[in-house]
1. For the condition in a helix (DSSP H, G or I), among the polar types (S, T, N, Q) and touching a strand residue (DSSP E or B) at 6+ places or on another chain (Cβ under 7 Å), what is the one hit in GLN48, GLN18, GLN65?
2. When both residues are 6+ apart or on different chains and their Cβ atoms are under 7 Å apart, which pairs have a first residue that lies in the range 67-86 and is farther than 13 Å from ILE32 by Cα, and a second that is acidic (Asp, Glu) and at pLDDT 85 or above?
3. Residue check, ASP103 against (1) over 18 Å from ALA16 (Cα atoms); (2) acidic (Asp, Glu); (3) touching a residue at least 60 places away in the same chain (Cβ under 8 Å), all met but one. Which one?
4. Specify which of the listed residues (ALA118, ALA98) is closer than 18 Å to LEU139 by Cα, surrounded by fewer than 20 Cβ atoms within 10 Å (Cβ to Cβ) and over 12 Å from the mean Cα position of the chain (by Cα).
5. Taking into account only those residues within the range 123-165 that are part of a helix (DSSP H, G or I) and at pLDDT below 70, which is farthest from the chain's Cα centre (by Cα)?
6. Please go through the range 23-45 and pick out each residue that is of a type in the set (S, T, N, Q) and more than 18 Å from VAL90 (Cα to Cα).
7. Which of the residues belonging to the range 16-29 are surrounded by fewer than 22 Cβ atoms within 10 Å (Cβ to Cβ) and either touching a residue at least 12 places away in the same chain (Cβ under 8 Å) or aromatic (Phe, Trp, Tyr) (or both)?
Amino acid sequence: MNLNKFTQKAQDAVIASQTLAEEKNHSQIELIHLTYALLTQEDGVVPQLVNKIGGSLPMLLQAIQAELDRLPRAYGTSTQVGVSREVSNVVRSAEREAANMKDEYVSTEHLFLALVDAAENKRELAALKQAGITRDTILQALTSVRGGQRVTSQNPEGTYDALGKYGRDLTQLARLGKIDPVIGRDEEIR
């Protein structure tokens with residue numbers, strides 16, 4: 001796993017999943033650790049995708065937390081946390097996703113897509129399917145969040161939906177009656 005090919009958020013997710021496994025005294029990083037790390041990322045793309053899809057993020061996190069608590073714990077002197085074969089496969093699959101999308105870096109959305117593909121037969125990740133999160137719904141939501149942009153830097157998340165993040169839709173606000181009417185420009189308006 002070459003983290004130099006990952007965006008900053010993807011690196012943070014991998015590190016957060018390792019930290020979570022250590023805190024829970026789990027012997028290795030499993031898919032569920034990576035899923036939890038992706039879903040709890042602040043200003044991350046994955047929570048945006050889940051919201052766009054219509055999944056309930058708090059309920060999803062609660063279900064995943066319950067599954068995390070069911071994993072066996074390992075106690076002892078060894079604090080080294082390994083990476084499961086499934087997580088390694090997901091990382092390789094995410095690298096292929098990035099290549100297929102012609103992106104230069106592996107981002108969190110690539111990890112999430114690969115994770116959902118791998119979670120198809122996993123009982124502990126059934127909450128994703130119950131929330132309506134599938135490969136197709138992710139790709140649809142991704143086009144609205146990301147548009148036609150490619151991942152060409154290690155921090156592409158800052159450019160996604162910048163207008164929605166930093167601007168206000170005045171037309172929408174006017175329709176909702178949330179802004180004051182224009183006064184004194186009758187001749188220009190007509």
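The values are calculated or read from the model by the stated rules, or taken from the named source; none is laboratory data. Note that the structure is a prediction, hence the values are computed from the model and not measured. Cβ atoms come from the backbone with ideal geometry, glycine included; neighbour counts cover every protein chain shown.
1. Details: GLN48 fails: touching a strand residue (DSSP E or B) at 6+ places or on another chain (Cβ under 7 Å); GLN65 fails: touching a strand residue (DSSP E or B) at 6+ places or on another chain (Cβ under 7 Å).
The unique qualifying residue is GLN18.
2. THR79/GLU22; VAL81/GLU22
3. (3)
4. Details: ALA98 fails: surrounded by fewer than 20 Cβ atoms within 10 Å (Cβ to Cβ).
Exactly one of ALA118, ALA98 is closer than 18 Å to LEU139 by Cα, surrounded by fewer than 20 Cβ atoms within 10 Å (Cβ to Cβ) and over 12 Å from the mean Cα position of the chain (by Cα), namely ALA118.
5. This residue is LEU163.
6. Just the residues of the range 23-45 that are of a type in the set (S, T, N, Q), to begin with: 25, 27-28, 35, 40-41.
Answer for the range 23-45, where residues must be of a type in the set (S, T, N, Q) and more than 18 Å from VAL90 (Cα to Cα): ASN25, SER27, THR40, GLN41.
7. To start, the set of residues in the range 16-29 that are surrounded by fewer than 22 Cβ atoms within 10 Å (Cβ to Cβ) comprises 16, 18-20, 22-28.
Once the filter is applied, which keeps residues that are surrounded by fewer than 22 Cβ atoms within 10 Å (Cβ to Cβ) and either touching a residue at least 12 places away in the same chain (Cβ under 8 Å) or aromatic (Phe, Trp, Tyr) (or both), the range 16-29 yields ALA16, GLN18, LEU20, GLU22, LYS24, ASN25, HIS26, SER27, GLN28.
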